[in-house]
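Novice: Dropping the structure in here first, questions after.
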Amino acid sequence: MNDATAMPRQAPLDLPPEEFRRLGHALVDRIADFLARLPELPVTRGERAADLRKLLPQGALPTSGSPADPLLTEAAQLLFDHSLFNGHPRFWGYITSSAAPLGALADMLAAAVNPNVGSFDLSPIATEIERQTVRWIAELIGFPSDSGGVLVSGGNMANFVCVLAARRTMLPWNAREQGVVGADGRTARIYASTATHTWIDKAVDLFGFGAGALAKIATQKDERIDVAALEKQIALDRAAGRVPIMVVATAGTVSTGAVDPIAALADLCAREKLWLHVDGAYGGFAARAPSAPSDLTALTRADSVAIDPHKWLYVPLEAGCALVKNATQLRDAFSFRPPYYRFEDEGAQFYELGMQNSRGFRALKVWLGLRQAGEQGCLRMIEDDMALSRKLRAEVEKHADLQPMTQALSICTFRYAPHDLKRGDPAVETYLSQLNERVLGELQAGGEAYVSNAVLGGAYVLRACIVNFRTTDTDVAALPAIVMRLGKKLDTELRPAALRS
Ligand SMILES: Cc1ncc(COP(=O)(O)O)c(C=O)c1O
């Protein structure tokens, strides 16, 4: 029954459905225009933070609110005019993919319904969608479909979840009671190559092991871990009374895309009874791509894998995934059941499988992307990126003043190195590193194309990582000419007299 005296509530954040519809349609139109114009826009305008700050409202938080329409228009304009566009066909920096447009709509839908995917009870269909998404990701890389898994914000978090599952499983004492030092004073040892992404340094610090627990094993020249050196280190540690627990392999290093000898590491871990974790944040989704290195397929032998849908599945940020082969080991690491949660055992309770309690519905954009492309579509996009990277290498090889360095997965590294300079000479090498750092600075600020850098054997090099379904042959072919132009100009300005002929 209506209470005639009741005041209709008008919350400052509510939007009447008709206004929501109008604003939403207008925004989608603007986004569609933006996507259509993307190839013509500069990748970035290289603006300075101080200048950008001036574009934002000045002063303290406004005391009273503003209408939604102009706010949304202003926000869209700020983003379209002052962003770096990782969806641009010529963006190849770091490992950040172009984002599938359907993912943007998925995020809007997820936010509108707003299920809390911490618990099945609070997110019935969303939980089931996440369960299916995790299963499909496992299947896509050849991991068992009954593995434990959880979606997280990205590669760092996915690796963290796996380390915590290993910590709980592999320490010979009860880590939950005892912490990371045994009652007898013994401490754990974790092994990873020097080419491992910096998440490992954060992990040993954050999870109480301390930096001393991490044995950084040398790599061969190709950035792949030296397995013999690893084996030697494990023996030394056991002799010293330490407790080896896990080996971290990388399937696609951040600098060059190198894949560790995972099969050999799996053999070693089986012999030594160690947990094998594979950081496949970048390369994992290529595991079943026909031209991927054979070592990548061996990631199926790992105890856990971290993998990033927001990298080579082209899902908009953020989406990572932790997979643990033995689902019970994942749950054991994270499950607490406080009295104020009376969730039934019906369905998954994702708060028991990871670090988050309340959780958003990031699975939706991954699930829709997987279905839109299908398994074959996913693998084809990865194959295309790898082929484009090989093409870039071939283009670089055509220029005497460019030096190709490495090519693996979809990463190609090279540098501007004028042919009249004696490569390998220490003074020349120092200069070439300075020169390439300047080339990169101008390239990144210029907006024509965007790559990042790697340091290989002390040499500063340019690094293009193609995880971009918009990149074409023409885009790739354009990069060497841009680098040559900038390199020539800067070399004329910067070359020291001693190196002039
Ligand atoms: C091999 C590897 N592992 C982990 C990460 C961290 O991933 P995220 O930035 O999604 O946390 C990266 C990022 O590039 C990476 O290349």
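All of the numbers you see were taken from the coordinates with simple rules; none came from a lab. A quick note: this is a predicted structure, and the numbers were derived from the prediction, not measured. Counting neighbours? That spans all protein chains shown, and the Cβs are built from the backbone with ideal geometry, glycine included.
Novice: Provide the three semi-axes, in whole Å and in decreasing order, of the ellipsoid equivalent to the range 348-501 as defined by the square roots of 5 times the Cα gyration tensor eigenvalues.
Specialist: Listed largest to smallest, the semi-axes of the range 348-501 are 39, 19, 13 Å.
Novice: For the range 259-321, what does the alpha-carbon gyration tensor say about shape, rounded, prolate or oblate, given a ≥ b ≥ c as the root eigenvalues, a/c under 1.5 as rounded, and a/b over b/c as prolate?
Specialist: oblate
Novice: Go through 440-448, 44-52 and give me the packing order, highest mean Cβ count within 10 Å leading.
Specialist: Taking the mean over residues of other Cβ atoms within 10 Å, the ranking is 440-448, 44-52.
Novice: What translational diffusion coefficient, to the nearest whole µm²/s, does the range 184-231 have by Stokes-Einstein, given a Kirkwood radius computed over alpha-carbon pairs, a temperature of 37 °C and 0.692 mPa s viscosity?
Specialist: This corresponds to a translational diffusion coefficient of 287 µm²/s.
Novice: If packing is taken as the average count of other Cβ atoms within 10 Å, what order do 364-374, 61-71 fall into, highest mean first?
Specialist: Descending packing order for the listed peptides: 364-374, 61-71.
Novice: Let me ask something additional. Given the convex hull of the Cα atoms of the range 186-318, what is a quarter of its surface area in nm²?
Specialist: 8.2 nm²
Novice: Report the relative contact order of the range 94-231, percent, no decimals, based on alpha-carbon pairs under 8 angstrom and at least 6 residues apart.
Specialist: Relative contact order here is 13 percent.
Novice: Hey, another quick one. Of all DSSP beta bridges located in the range 192-308, what percent are antiparallel, nearest 5?
Specialist: Roughly 15 percent of the DSSP beta bridges within the range 192-308 come out antiparallel.
Novice: Which percent, nearest 5, of DSSP beta bridges in the chain are antiparallel?
Specialist: 55 percent
Novice: So what's the Cα pair-distance distribution over the range 1-148, bin width 10 Å, in %?
Specialist: 8, 23, 28, 26, 11, 3, 0
Novice: Then there is this: What list of whole percents do you get for P(r) of the range 179-262, with Cα-Cα distances grouped in 10 Å bins up to the one holding the largest distance?
Specialist: All Cα pairs, binned at 10 Å, distribute as 18, 48, 28, 5, 0 percent.
Novice: Let me ask something else about it. Work out the count of Lys pairs in the chain where the Cα-Cα distance is under 27 Å, with the pair 8 or more places apart or on different chains.
Specialist: Pairs that pass both the separation and distance tests number 29.
Novice: Still on this structure, please answer the following. Using the Cα gyration tensor of the range 120-237, with a ≥ b ≥ c the square roots of its eigenvalues, what is the shape: rounded (a/c below 1.5), prolate (a/b larger than b/c) or oblate (neither)?
Specialist: It is oblate, given that a/c is not under 1.5 and a/b is not larger than b/c.
Novice: Now for a different question. Using the count of nearby Cβ atoms within 10 Å as a rough guide to exposure, how do Lys391, Lys422 rank from fewest to most?
Specialist: Exposure proxy ranking, most exposed first: Lys422, Lys391.
Novice: Can I ask one more? Subtract the Cα-Cα distance of Thr73 and Arg371 from 0.36 nm times their separation in residues, and report this length gain in nm to one decimal.
Specialist: Full extension of this stretch gives 104.1 nm more.
Novice: By its C-alpha gyration tensor, with a ≥ b ≥ c as the square roots of the eigenvalues, how is the chain shaped: rounded for a/c under 1.5, else prolate for a/b larger than b/c, else oblate?
Specialist: oblate
Novice: If we sort 76-84, 324-332 on the protection proxy, mean other Cβ atoms within 10 Å, highest first, what's the order?
Specialist: 324-332, 76-84
Novice: R0 = 45 Å: FRET efficiency of Ala6 with Lys202, Cβ-based, nearest 0.05?
Specialist: 0.25
Novice: Here is a follow-up. Largest first and in whole Å, give the semi-axes of the range 225-297's equivalent ellipsoid, each being the square root of 5 times a Cα gyration tensor eigenvalue.
Specialist: Calculated on Cα positions only, the semi-axes equal 26, 11, 10 Å.
Novice: Summing -39500 (n - 2.57) over the DSSP H runs of n ≥ 4 in the chain and dividing by its residue number, what mean residue ellipticity at 222 nm do you reach, to the nearest 500 deg cm²/dmol?
Specialist: That comes out to -14000 deg cm²/dmol.
Novice: What whole-number distance in Å separates the alpha-carbon centres of the range 69-99 and the range 259-296?
Specialist: Their Cα centres are 34 Å away from one another.
Novice: Let me ask something additional. For the range 395-461 and the range 171-203, write down the distance between their C-alpha centroids in whole Å.
Specialist: 38 Å
Novice: While we're looking at this one, here's another question. Which percent of Cα-Cα pairs in the range 243-397 sits in each 10 Å bin, short to long?
Specialist: 10, 32, 33, 19, 5, 1, 0
Novice: From Cα pairs below 8 angstrom and at least 6 apart in sequence, can you work out the relative contact order of the range 385-486, rounded to a whole percent?
Specialist: Rounded, it is 31 percent for the range 385-486.
Novice: Over the chain, calculate the relative contact order: mean separation of alpha carbon pairs under 8 Å at least 6 apart, over the residue count, as a percent.
Specialist: 21 percent
Novice: Would you mind ranking Cys378, Cys162, Cys321 so that the residue whose beta carbon has the fewest other beta carbons within 10 Å leads the list?
Specialist: Arranged by neighbour count, lowest to highest, Cys378, Cys162, Cys321 become Cys378, Cys162, Cys321.
Novice: Let me ask you something else. With the Cα gyration tensor of the range 384-451 in hand, give its eigenvalues times 5 under a square root as the equivalent ellipsoid semi-axes, listed largest first in whole angstrom.
Specialist: So the equivalent ellipsoid measures 22, 16, 10 Å along its semi-axes.
Novice: Same structure, new question: Rounded to the nearest 5, what is the percent of antiparallel bridges among the DSSP beta bridges in the range 112-256?
Specialist: About 20 percent, rounded to the nearest 5.
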